[in-house]
1. Only residues in the stretch 58-71 that are of a type in the set (Gly, Ala, Ser) count as the first member; pair them with residues that are more than 8 Å from the ligand (Cβ to nearest atom), Cβ under 8 angstrom, at least 6 apart or cross-chain, and list the lot.
2. If you check ILE96 against the conditions, is it at pLDDT 95 or above and within 16 Å of the ligand (Cβ to nearest atom)?
3. Does any residue in the stretch 147-165 that is farther than 19 Å from ILE90 by Cα come within less than 7 Å, Cβ to Cβ, of a residue that is basic (Lys, Arg) six or more places away or on a different chain, and which pairs are these?
4. Filtering the stretch 189-219 down to residues that are within 14 Å of the ligand (Cβ to nearest atom), without any contact (Cβ under 8 Å) to a residue 24 or more places away in the chain and not β-branched (Val, Ile, Thr), which residue is surrounded by the fewest Cβ atoms within 10 Å (Cβ to Cβ)?
5. What are the residue pairs meeting all of these: first residue in the stretch 32-57, first residue closer than 21 Å to MET87 by Cβ, second residue acidic (Asp, Glu), Cβ atoms under 8 Å, and 6 or more apart or on different chains?
6. For the stretch 180-188, does any single residue satisfy the condition of being without any contact (Cβ under 8 Å) to a residue 12 or more places away in the chain and either more than 16 Å from MET130 (Cβ to Cβ) or surrounded by 18 or more Cβ atoms within 10 Å (Cβ to Cβ) (or both)?
7. For the stretch 151-173, does any single residue satisfy the condition of being at pLDDT 95 or above and touching a Phe, Trp or Tyr at 6+ places or on another chain (Cβ under 6 Å)?
8. From the set of residues in the stretch 150-179 that are over 15 Å from GLN131 (Cα atoms) and more than 8 Å from the ligand (Cβ to nearest atom), which is farthest from the chain's Cα centre (by Cα)?
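The values are calculated or read from the model by the stated rules, or taken from the named source; none is laboratory data. These numbers come from a predicted model, not from an experiment. Cβ sites come from the backbone with ideal geometry, for glycine too, and all protein chains shown count toward neighbours.
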Amino acid sequence: MRIAIITGASSGLGAEYIKQIDEKYRFSELWIIARRKDRLENIAQETRTKVRVLAMDLTDAAMREKLASILARIKPVVGLLINAAGMGKIGRYDEIGPQNELAMIRLNCEAAVAVTQLVLPYMRKGSRIMQICSTAAFQPLQGLSVYAASKAFLLRYSRGLGAELLGTGIRVTAVCPYWIKDTEFIPVAKETESSAVRHFPFASGKRSVAAVSLWASKVGFPVCTPGIFCTIHRIISIIPDTVLMLGWEGIRRI
Ligand SMILES: NC(=O)c1ccc[n+]([C@@H]2O[C@H](COP(=O)([O-])OP(=O)(O)OC[C@H]3O[C@@H](n4cnc5c(N)ncnc54)[C@H](OP(=O)(O)O)[C@@H]3O)[C@@H](O)[C@H]2O)c1
C-alpha cells in the first residue's frame, strides 16, 4: 500500500494539498493529521482517494507514538510526506510570551523532525518529503523572531537531511512561501493583537503555493520559493542580516 501523509490537514495549505493530490496523484490512501477531527472528517468526505483521519496534537509525544504504532501495524510505503502543521505568533517577546514561543518551537521544529523520523523507515526510492518552511527562514525578523528562527531551523534541517538521503532516491524539498492570505495562519498569528506587523501586502494564494511546490518536489528541487516575493527574498538573503533587518523594520511599519 502506497500512501501520502499530510499534517496540518484541517485547514489552509494542508487542506489544499489534499485537494490537489486527490486530483493529480494516485495513492492507495491519504493519511491526514491535525487536531480538529470534525474538519478532517469533512475533508475526508470530499476526497475521492481513501482517507485515514488521524486527529492528533503533534506536539504531544504520546500522540506521535500512536502514529508510530499505526505505521508499524500497517507497514505502508509512504510515497509523500508533507509537514504543513505549523503556527506563528506576531509580536515582541513580551507580547507573545514564553508559552506561545515554546509552542512554536515544539510544533514547527520538534514535531516536524519527529514525524519525519517516524516516517522515513517507510519511504522507498521515489518517495518525497515536503517541509513547509517560510520566506521567514531567509533572515531574522523582529516582531516574528521565534517564528522566523523556527523556520530557519526547518530549512537548514531539510537541506541537511536531503544531503544525507542522496543516493537513496528519497528527496526533500523545503517549501518557503511568502504570506498566504487564504489560510488561518494570519488570523492565528494576529491573536496577540500586536502591531509589530501591520499589513500583509501582496499576499499569495494557497492554490498556487500548493501547485508550484508539488511540482518542485516532483522535479526534485531542494528549496522551493513558490512566488515572486519569496524568490526575491531568497536571492537578496545574501545581503548581511543587519541590512535586511533594517529593510524589514520599514516594511513591517507600513
Ligand atoms: N499563511 C502564511 O502566510 C504562511 C506563509 C509561509 C509559511 N506558512 C506555513 O505554512 C504551513 C501551513 O499553514 P497555513 O497557512 O495553512 O495555516 P493554517 O490554516 O493555520 O494551518 C495550520 C495547520 O496546522 C495544524 N496544527 C496546528 N497546531 C497543530 C498541532 N499542535 N498538532 C497538529 N496539527 C496542528 C492546524 O490544524 P488544527 O488546528 O486542527 O490542529 C492546521 O491544519 C505552516 O507551517 C506555516 O508556518 C504559512
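1. Pairs that qualify, where the first residue is of a type in the set (Gly, Ala, Ser) and the partner is more than 8 Å from the ligand (Cβ to nearest atom), are ALA61/ALA114; ALA68/LEU118.
2. Here the answer is yes, as ILE96 does meet what is asked.
3. GLY162/ARG171
4. SER208
5. ARG35/ASP57; VAL53/GLU41
6. yes
7. Within the stretch 151-173, one or more residues are at pLDDT 95 or above and touching a Phe, Trp or Tyr at 6+ places or on another chain (Cβ under 6 Å).
8. By that ranking, first place goes to GLY167.
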